[in-house]
1. Return a yes/no flag: does the stretch 164-180 have any residue that is in a strand (DSSP E or B), within 17 Å of Phe254 (Cβ to Cβ) and over 31 Å from the mean Cα position of the chain (by Cα).
2. Determine which member of the set Val167, Val150, Val86 is surrounded by fewer than 16 Cβ atoms within 10 Å (Cβ to Cβ), modelled with pLDDT of 70 or more and among the β-branched types (Val, Ile, Thr).
3. Select from the stretch 229-246 the residues that are surrounded by 15 or more Cβ atoms within 10 Å (Cβ to Cβ) and touching a Lys or Arg at 6+ places or on another chain (Cβ under 7 Å) and list them in ascending order.
Amino acid sequence: MMINSQFVMNRSLSILGVLNRSMAIPKRMVNLQRSVAVSNGFRFSRGYASDIPKGKIDLSKLSREDIRKLRDFKMAEERKFKDRTVAYYFTSVAVIFLGLAYASVPLYRAICARTGWGGIPITDRRKFTDDKMVPVDTNKRIRIAFTSEVSQILPWKFYPQQREVYVLPGETALAFYKAKNNSDKDIIGMATYSISPGEASPYFNKIQCFCFEEQKLGAGEEVDMPVFFFIDPDFATDPAMRNVDDIILHYTFFKAHYSDGRAASADAKNLQDDEMGNVKLLTPEVVDTTN
């Protein structure tokens, strides 16, 4: 019985010595340590149980109640440590998933814009070189159709000013959409877009576009929104594109999270006003369907 008590006492004081250096110990437990040490002829430098040499405590001078208190305190501190560890773990996991959820949408858009996945046209500026914007002289022109859609909570009228255009690979084309705010309040909207069929999206390159940017329209205001694009010349040599004669460019306008006249993000700007600088604009065959 003495051996078991000695083992429990040594373990308890050892743990209390570590805890004293790392966290505040309740005053009653510090007093208990000091009384045990003084009764065994030891001196304290700063009142820590670590000053007590291991294995030299005379347990005969300790009551069962003192040993029980030390054992209970040790078990309570172990439970607190485990609880804190579990809490830190779940908090870290929650923060990581929250960060991933917040970054998933812009990250997805960036990847799609770079690779053409998900029907998102490529927006890599390195593809906008002069050699890429030279029409391929073939007999096959590609029909580019324009469609539109408006969210039900956005009181706008939004439609393409031309139903379709016919272009050669490498030929630049300019098309227009028209948007009108039918309400009596200023509203901020944002457009997303996609390409169909999806396998043609890596070859669809937009030079100027109003997508993924906040568009503010005043009450009753009506504006033209340009789309300046070209089909990569490699489209003509890709065997997978041999049977693709039609490409659909679809836009959907959504209402911003709030519509009190502020921008949905502080750094939202129209950065494409001067992007048409030195690009030669060719006139494609246009079918006008404003009616």
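The values are calculated or read from the model by the stated rules, or taken from the named source; none is laboratory data. Only a predicted model underlies this, so the values are computations on that prediction, with no experimental measurement involved. As a convention, Cβ positions derive from the backbone with ideal geometry for all residues, glycine included, and neighbour counts pool all protein chains shown.
1. Looking through the stretch 164-180, at least one residue is in a strand (DSSP E or B), within 17 Å of Phe254 (Cβ to Cβ) and over 31 Å from the mean Cα position of the chain (by Cα).
2. Val86
3. Phe229, Asp232, Pro233
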